[in-house]
Amino acid sequence: MRYTFLFVIVFAVLFPATAAHAAGKSPDLSISEVQANVTPWTAGVQNISVKVKLANNGSAAAKSIGLTTVYLENYPIGLNLAMYATLKAGDTIQIGKSINGVYQSGTYTLKVCLNEKKSVKESDYTNNCSSTEIVIPPAPLADLSVDSASMFKISDMNYGKNSEIKLVVTVRNDGPADVVQLPKLGVESDVFPKVFFFEPKGSLGLIAGASITQIYTFKIPHVDAGSYPTKICINAWGGKNYVAESSIENNCLELSLFVSPPPQPDLVLVDPVVTAVNSANGGQTTIKIVTELANQGAADVTKVPASNIFIESLGKNLTFVTQKPMALVAGKKIKLVNYFEIPAIEAGMYQATVCANQSSVSKKIIDEGNVENNCVDVEFEVLGAPDPDFSIPFFEVTVKPTALGFKFTTANIGAGDAKQNPDVAIYFDGANEAETIVVPKFKLLTADKQSAVVFVVPNTALTEPGTHTIKVCLNPNEIIKETNFENNCAETEIEIPEPIAEPQPDIAWSSISTTLTKSTITGGNFLRVSAKFRNVGDASVPNIKFDAVGYFDESDELSLFRAHDSGGEKKDGVVNFNLSGDVPTNFTAGEHSIKVCVNEQKVFTEKSYENNCVTGKFVVPSALFLPLVK
């Protein structure tokens, strides 16, 4: 018999020690009662629970009760350590022991003895043992079964030479006993070169009534798609972790290894929209395709293949691809936007077929699970070439002395190119008739472009000082077809200023002085005059010769010799003229006048000629007692 011992010592409450034994007195230890109970503990292991009542029937206290031993059919199966606590005379104590072991079923005698080595001196040793009968039932066993399992191929490996298999298996324990460590699992099939064994991952037990699921992967030679009979067994091949079971009838499960075809993508175009328009210059047609490409399959696409549009009436195949290499994960979709430019086709409705995973030369580029849903029929319209739309976003006029400078921006805000540039009409002060129409040179206005226009026209109409309106209009006679003629004009205001006189000199008198003397030549009166003039104008006197002359007594006849100046006097410059001559002999004694005038011939233009003369006075004496002229 093989014994396994697990000690659990349960101590009852000890009574405190009393005084020392009286002389001639001794203890007497005995076992008054033994109780035993057998219960299953785990698979194949029973638990014997023993409770013992000890008594001191002597006349003295026992300082200890010695070593207690449990026997099963005279084989010791359990020990208690010696107890050194004092047991007073007449007192009892209860101790307990829980013993686990593997025992054959049957009826046994269980005996408990204490103080067998007589370490405690007693008055009587014959009552130190006591027995009872126990029944050990059969040990409980586990009952393992393969509850469920699935097996399938994950992928091919080593360039298709091997297949990787995934096994998902659930093992159940239907027995009343726990399993401390699960045994190995075996898998066999006609397509397997051998039986594959799998040890549980780690120290893995399974309690009664529970189940556990394990996942294993292993490699086998390549197998094609199909269904293959397979058997999975638990605890069927022995080994170190073999578990005793109550039944092995349900340890195996037969199933089919299902090898499915490799997953494939399934490309579908979702609601493709096709639009087309002839170019602004009418030379080509631009086709635009907007669609979503969905992968409804079970496999990813590493590189999205080309798609194709076939226009039936033209017999044209057009292939379009993504702008850059792009993957498409299973269950996802991407948006595709593509443009084609082809020679211009007539405006109108067209029928076309748009297909995924196709090109103009191939009906299938990559393998798919389903190619029946790759194409969608669509109808689209080709719009005619659009018209231009002229406008003037900027306009200004510069007033010049005899002309008007025009500067504005012409814009084509339409979708179509202008095949010729428009005329420009100019209107003054709200007139309905154009003053003039010009054809300025500027860059041909293509769609959505601008051009600056600059030109000058003579100004013969707007000469009156004040505010005037000027309007310019593009394409005034609507020779060029436009989408909108309402925005072809722009208007602005200008100011014609008052005429501004040019800067001119202005010779004005400043002062005059006279001196009368007797002439040594004629013996008559001789007059000397000094006249000062100043340039009070805003320009210099030209470098030109001009005269100053003198007149007596407001006469219109030249009275004094002419004096000259060469001109060039600047603003505020001074001109001095010295004139002299004989006083007429018919002048009577008394006061007379002399007037000096400059630039009478108007040899240069002045701002004013009203201040060009100055008058001085002199007195002719009654007796000519004048100094002689030297």
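The values are calculated or read from the model by the stated rules, or taken from the named source; none is laboratory data. Note that this is a predicted model, so its numbers are computed, not measured. Backbone-built Cβ (ideal geometry, glycine too); neighbour counts: all protein chains shown. Please note that ligands, DNA and RNA were not included when accessible areas were found on the heavy atoms of the full protein model with its side chains. Shrake-Rupley method; radii C 1.70, N 1.55, O 1.52, S 1.80 Å.
Laid out as a table, the results:
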quantity	calculated
Number of the condition not met by Trp509 [criteria: (1) over 30 Å from Asp387 (Cβ atoms); (2) part of a strand (DSSP E or B); (3) open to solvent by less than 60 Å² (accessible area, probe 1.4 Å); (4) of a type in the set (A, V, I, L, M, F, W, C)]	(3)
Residue among Glu493, Glu498 that alone is part of a loop (DSSP other than H, G, I, E, B) and open to solvent by 30 Å² or more (accessible area, probe 1.4 Å)	Glu498
Conditions (1) at pLDDT below 90; (2) open to solvent by 20 Å² or more (accessible area, probe 1.4 Å): number failed by Pro305	(2)
Filter result for Thr410 (under 27 Å from Leu383 (Cα atoms), touching an Asp or Glu at 6+ places or on another chain (Cβ under 9 Å) and open to solvent by less than 60 Å² (accessible area, probe 1.4 Å))	no
Selection count where residues are under 30 Å from Ile77 (Cβ atoms) and surrounded by 20 or more Cβ atoms within 10 Å (Cβ to Cβ), scope region 145-177	3
Boolean, Leu474 is in contact with an Asp or Glu (Cβ under 9 Å, 6 or more places away or on another chain) and closer than 21 Å to Val439 by Cβ	yes
Those residues of region 127-161 which are aliphatic (A, V, I, L, M) and part of a strand (DSSP E or B), in sequence order	Ile134, Val135, Ile136, Ala142, Leu144, Val146, Ala149, Met151, Ile154, Met157
Residue, farthest from the chain's Cα centre (by Cα), within region 226-267, restricted to residues that are part of a loop (DSSP other than H, G, I, E, B) and among the β-branched types (Val, Ile, Thr)	Ile248
Matching residues in region 182-191 - criterion: being outside any strand (DSSP E or B) and touching a Leu at 6+ places or on another chain (Cβ under 9 Å)	Leu182, Pro183, Val191
Candidates Ile365, Ile392 - the one that is assigned to a loop (DSSP other than H, G, I, E, B), surrounded by 17 or more Cβ atoms within 10 Å (Cβ to Cβ), touching a residue at least 60 places away in the same chain (Cβ under 8 Å) and of a type outside the set (Ser, Thr, Tyr)	Ile365
Scope region 429-459; condition out of contact with any Gly (no Cβ under 8 Å at 6 or more places or on another chain), exposed (fewer than 13 other Cβ atoms within 10 Å of the Cβ) and of a type in the set (A, V, I, L, M); matching residues	Ala431, Ile437, Val439, Leu444, Ala452
Lone unmet requirement of (1) farther than 30 Å from Asp389 by Cβ; (2) among the acidic types (Asp, Glu); (3) not in a strand (DSSP E or B) for Glu482	(1)
Members of region 332-373 that are touching a Ser or Thr at 6+ places or on another chain (Cβ under 9 Å), polar (S, T, N, Q) and closer than 28 Å to Pro261 by Cβ	Asn357, Gln358, Ser359
Qualifying residue in region 205-214 (condition: open to solvent by less than 20 Å² (accessible area, probe 1.4 Å) and in contact with a Phe, Trp or Tyr (Cβ under 9 Å, 6 or more places away or on another chain))	no
Flag for Val304 being not small (Gly, Ala, Ser) and not in a loop (DSSP other than H, G, I, E, B)	no
Condition check for Tyr242: of a type in the set (Ser, Thr, Tyr) and without any contact (Cβ under 8 Å) to a residue 40 or more places away in the chain	no
Residues of region 534-578 classified as among the charged types (D, E, K, R) and touching a Pro at 6+ places or on another chain (Cβ under 8 Å), total	3
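Yes/no per residue for (1) in a strand (DSSP E or B); (2) open to solvent by less than 10 Å² (accessible area, probe 1.4 Å):
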{"residue": "Leu558", "(1), (2)": "no, no"}
{"residue": "Glu569", "(1), (2)": "no, no"}
{"residue": "Asn578", "(1), (2)": "yes, no"}
{"residue": "Gly581", "(1), (2)": "yes, yes"}
